[in-house]
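The values are calculated or read from the model by the stated rules, or taken from the named source; none is laboratory data. Given the structure is predicted, the values throughout are model-derived calculations rather than measurements. These area figures cover heavy atoms from the full protein model, side chains too; ligands, DNA and RNA do not enter into them. Shrake-Rupley method; radii C 1.70, N 1.55, O 1.52, S 1.80 Å.
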Amino acid sequence: MSDFSEQPKTPTKQIGQNYVGGMATSQGRTQSDLLPPDERKLERRRDWLYGSLGGLGGSKTFSELLDDLGLTSEFSQFETDHPKLFESLAERAPAFVDMNMVGTRKIGSRVPLLPDELSVPDILKIDKEKAVTTYFQKLVDLMSVEATEQNAHYAQSEQNDKSVPSAEYNLVDHQTSEVAGGRKHKMDLVFYNPVASDGVANVHIIVEAKKAEFKNKIDVKTFSQIADYQYSVWKVQPTRTFVPVLLPNGPKLDLAVFARESWYRVEVGYLCHWLATINNHNIEKVRSTIAQLYFLITLPSERFGHFCKASLRWEYVTFVHGPNRDSTIALVESSHSPTTNSVKLSGCIERFVHPRGRLAHVFRTTFRKQKAILKLSWTPVGRMPEGAVYELLENANVKGMPRVFGRGLVCTSLFGYRLEYLVLEDCGSTIHEYLQVGRQGGLSSGSLNNRVTGIVWQTLQCLVQARVKANVLHRDISAGNIMIDSNGVVRIIDWGYAKVIDDASFDIDAKATRDRRGLLDATANRWRYVSAKVQQNEDAHDPLTGTPLYMSIPVLAGAKERGLADDVESLFYVILHVLTKLQATPDSAACGFDQHDNKSLAMIRTGCLSNAENFLRFFGISSCSDDLRRLLCDLRKFLFVNSDGCIASGLIVDPTTPRGAVDLLQPYVDADTMGLLLRKDEAALTPMKSAVQLPSFRPPSSSSSGPLDEARYSENAGVSIGGLGMSSRSLGKRAREAEGTEESDGGSLGSVSKRSKSQG
């Protein structure tokens, strides 16, 4: 789906699971297995979140976490400067024994830390979990008091080189009140960013207290609860790098860190004693934990959980690069008012947010008084950065690309993911929105069809040039990624799932090969990725990446590698789907979009496309102009007909099957691009045979065994559609029934899936 268009809160009929970015379309799983529940249904939502995140948890020590965040030396200096800080609090801390808060015994006098109303004789009269929460609140207050006293001591003794940081966050109790802007969330406690209103959009750290100490793992109910809380934060806070959840549990303190790749449990230590009789060793362990807690809650937001200072008081960000003009690394500066190169963080386009994996926050904004799009994307460090793809396409002068005003890396690597930013021109409307507006404006069918022809021409130009000039495959052509402005100019967007092919097929000579590889190496150096590793990962994701409704037949069938023909085939389905929607064709008549799972859709399409005369009807198109029909027939011949006849079924068995004559594209591609394509047409269009692993299944034939017979490849053969017992002729009967020429039997196999890609 387009980065520029509004998206539903949950994707419609999602049939995949996003593992490391891209779309992992799980073969054999139904849509209902993976469909996110209605977010208003709390229990189902939490079950879904547990299923998405529960098995991914890892563990880190506090030292490992500091190392990941680049805070090791800072914490070491904090401990060196203040070695005895909070020792008096540790001495006065209570014990938590058998889920009860009790007093401790030690030689010498001690003042109880708990307030009078929670003295030991009365502690059992209140909820035990509330006792943990109340103790945490009191501890935070007293830490601030002691820090202030310590700073006064430093000033009095003229130790001006030392200072205990002060806490700037507001701790608010939500045990009996909902957090504004959430799904009726009642987090126990919340640290809010200062100088801003309370609510999910301003949560800094979540605190969830439990009376029972976690042993080997966090229990399912607690995990589902905190997963729900952090998910709501990720959805509305675009500056997030991770979401921290503090977990006081019995006498201990844990920290759950929710990042894009996974989540981690950090066992911080003991906030209170675990025995009623204490000694100096126990006191030091509690003191150390209190000091670690204080260090975390006094870190500025840009050092702990955000990539810039988080506050609702500022509206603009500026991405500042160093003096080296080739550097992609950017610092982010926030401000209250616009500057020359600032971008306003407003006009957020609502998008579905997956609990893990890729994530993009997209804003309609302005840049230097021009309409623009800001895209903040979390992508795996082992995958291709989208900004690098745009760079390669620009260097190759590929037509049909949006202007890029700015791009770079905000974070090169954090818990396995990078954060990049893109500032692009606002390219207008999606193809469906553009044509729908024209139809509502009174354009004739002929004019609309001419517009479609122009869109196909421009999109083909872009895809072919991307492959032959820059060795780039888009791999996610969908109805949301083809944008058209008010002048009818097409821009292809969302290259975040693209693949760069290290292919010398189009190099004129050895020097051209060296230059091309030098450019790839330089791009990899600037964008901080390892070319060989990224190439390997992108190859592995060939069968997993894209929007299933628009995937080519080989990819739906599990082909392990792609060619240009797969992008062109996706464009073919986009055009058919948009025309179907414009004609308001009932789902039951659009057999070519009858999606249950990937394999079934591939088999259905082989039947639809085997009939040259009626294939448009099978995809729900009842009428179109002669020019548009000619274009669609040319695309069908190019994609599914060669000298052997119709090859739709053959593509399932062998994705390297040669496609149709390349010169069928000549009317839709400029002469220079066509010349390049004709030089090495097979290498560009289909993956090389030696590199491809064939799918593990074969399309069914009319007999139980034996090779594919010649009729299976003929233009109008009645190809059996795998396991469904339907031929192309029976599909035609269904299409006529839906049009009302015969009484419909209501035998629809399912409805059209509009969108299937997860984040990020």
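Could you sort His596, His577 by accessible area so the largest value comes first, with the probe set to 1.4 Å?
Heavy-atom accessible area, descending, gives His596, His577.
Can you pull the Kirkwood radius for region 190-288, inverse mean 1/r over Cα pairs, to one decimal in Å?
Taking the inverse mean of 1/r over all distinct Cα pairs, region 190-288 comes out at 14.8 Å.
Rounded to two decimals, what ratio of Rg to Rh does region 378-451 give with C-alpha atoms and a Kirkwood Rh?
1.18
Would you mind pulling out the separation of the Cα centroids of region 354-423 and region 156-230, in Å?
First find each Cα centre; the distance between them is then 31 Å.
If you consider only alpha-carbon coordinates, what radius of gyration and Dmax does region 421-576 have, in Å?
When restricted to Cα atoms, region 421-576 yields Rg and Dmax of 17.4, 55 Å.
Just to be sure I understand: if I project the alpha-carbon convex hull of region 488-591 onto a plane and average over all orientations, what area do I get in nm²?
9.3 nm²
Under 5 Å between amide H atoms, partner at least 5 residues away or on a different chain: which partners does Phe367 have, H built in plane at 1.01 Å?
Residues meeting the criterion, in which the H sits 1.01 Å from N, are Ala372.
Exceeding 26 Å between C-alpha atoms, which entries from my cross-link table qualify? They are Lys469/Lys511; Lys399/Lys499; Lys41/Lys581; Lys60/Lys375; Lys128/Lys215; Lys84/Lys252.
Listed pairs above 26 Å: Lys41/Lys581; Lys60/Lys375.
Could you tell me the center-to-center distance, by alpha carbons, between region 643-672 and region 476-499 in angstrom?
Taking the Cα centre of each part, region 643-672 and region 476-499 sit 23 Å apart.
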